Amino acid sequence: MTATLHAFAESGNAYKCALAMRLAGMAFEVAFVPFFQGGARTPEFRALNVMGEVPVLVHDGRVLSQSAVILRHVARRTGKLAGSDEDEVLRWLFWDNHKLSTQIGTTRFLMNFLAPDKRPEAVIPFQQGRLKAAYAVLNDHLSARDWVEGTAPSIADLSLCGYLYYPEPFGFARTDWPAIDAWLGRIAALPGWAHPYDLLPRAFPAQGEPT
Ligand SMILES: N[C@@H](CCC(=O)N[C@@H](CS)C(=O)NCC(=O)O)C(=O)O
């Protein structure tokens, strides 16, 4: 049965799952979640994921949430992108969830998607400071290697890169982090790679684009 990803393009957590399925050649369709209209807070969505979080993957009678769990499911089902050391892959998935993707998601939300009068201005530089330390860790790790784990792209790479292709500002410039920049280029060169805004339906279409 074809998998259904409940998603919207501005979600880096949804993007990393969509990208993994695309690169692994796993067919999926998208159920758009109108997140900014409360689409992850409805009783119907809570019945899928009590956490009220996007993404959710429905596949073969299973309902999976948490991008790391979905990524692992894709790797297991397709036999691709699993990496060579399961513990090391898991280690980076946890680190990404704790120190990178979640922090970027919050910072980018505050800076771009929240009404300016509701923005907690003091929080943003604090978050950006924490993120700078995380970019340094990732940049150091990638300075002597092509991929986060092993010698081929894995779900660890896809989890970590999930928020780093977006155009909205959140305090990250690829040019400041040469090893991250080169690695993002390597991922974007993989056959089938697509930018988040070309892979999933957007909540905020760019000005002038059809909705
Ligand atoms: N650790 C989760 C994070 C998921 C997450 O925070 N998703 C955002 C959208 S990108 C969300 O649904 N946020 C709603 C909330 O925090 O209540 C994952 O990796 O899937």
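The values are calculated or read from the model by the stated rules, or taken from the named source; none is laboratory data. Keep in mind the model is a prediction, meaning the values are calculated, not measured. Positions of Cβ are generated from backbone atoms using ideal geometry, with glycine treated the same way; all protein chains shown enter the neighbour counts. When the accessible area is computed, the model is the full protein with side chains, heavy atoms only, and any ligands, DNA or RNA have been set aside. Shrake-Rupley method; radii C 1.70, N 1.55, O 1.52, S 1.80 Å.
Condition test on R76, is it under 28 Å from A136 (Cβ atoms), of a type in the set (D, E, K, R) and in a helix (DSSP H, G or I)? For R76, the condition - under 28 Å from A136 (Cβ atoms), of a type in the set (D, E, K, R) and in a helix (DSSP H, G or I) - is not met.
Number of residues in segment 1-31 that are within 12 Å of the ligand (Cβ to nearest atom) and open to solvent by 40 Å² or more (accessible area, probe 1.4 Å) equals 0.
Scanning segment 1-41 for residues that are touching a Ser or Thr at 6+ places or on another chain (Cβ under 7 Å) and not in a helix (DSSP H, G or I) turns up G25, M26, A27, F28, E29, A31. Y166 satisfies every condition listed in (1) of a type in the set (S, T, Y); (2) in contact (Cβ under 8 Å) with a residue 40 or more places away in the chain; (3) within 29 Å of F113 (Cβ to Cβ); (4) open to solvent by 40 Å² or more (accessible area, probe 1.4 Å) except (4).
Per the listing R108, R119, the residue uniquely of a type in the set (D, E, K, R) and in contact with a Phe, Trp or Tyr (Cβ under 8 Å, 6 or more places away or on another chain) is R108.
Selection of segment 56-70 for residues being within 13 Å of A3 (Cβ to Cβ) and either more than 12 Å from the ligand (Cβ to nearest atom) or in contact (Cβ under 8 Å) with a residue 24 or more places away in the chain (or both) yields V56, L57, V58, H59, D60, G61, R62, V63, I70. Screening A40 against (1) in contact with an Asp or Glu (Cβ under 8 Å, 6 or more places away or on another chain); (2) open to solvent by 50 Å² or more (accessible area, probe 1.4 Å) leaves a single unmet condition, (2). Taking E44 as the residue in question, decide whether it is in a helix (DSSP H, G or I), free of Cβ contacts under 8 Å to residues at least 60 places away in the same chain and either over 30 Å from A189 (Cβ atoms) or in contact with a Pro (Cβ under 7 Å, 6 or more places away or on another chain) (or both). Yes; evaluated as a whole, the condition is true for this residue. For segment 121-130, indicate whether the set of residues that are more than 27 Å from T4 (Cβ to Cβ), modelled with pLDDT under 95 and out of contact with any Gly (no Cβ under 7 Å at 6 or more places or on another chain) is non-empty. For segment 121-130, residues more than 27 Å from T4 (Cβ to Cβ), modelled with pLDDT under 95 and out of contact with any Gly (no Cβ under 7 Å at 6 or more places or on another chain): present. Note on segment 42-55: residues that are more than 8 Å from the ligand (Cβ to nearest atom) and out of contact with any strand residue (DSSP E or B) (no Cβ under 7 Å at 6 or more places or on another chain) amount to 7.
When segment 101-158 is filtered for residues that are polar (S, T, N, Q), under 20 Å from A179 (Cβ atoms) and either within 16 Å of the ligand (Cβ to nearest atom) or part of a loop (DSSP other than H, G, I, E, B) (or both), the ones remaining, listed by number, are S101, Q103, S143, T151, S154.
Against the numbered list (1) under 20 Å from Y166 (Cβ atoms); (2) open to solvent by less than 20 Å² (accessible area, probe 1.4 Å); (3) within 16 Å of the chain's Cα centre (by Cα), Q103 comes up short only at (2). Each residue in segment 51-90 was checked for being charged (D, E, K, R) and open to solvent by less than 80 Å² (accessible area, probe 1.4 Å), and 3 pass.
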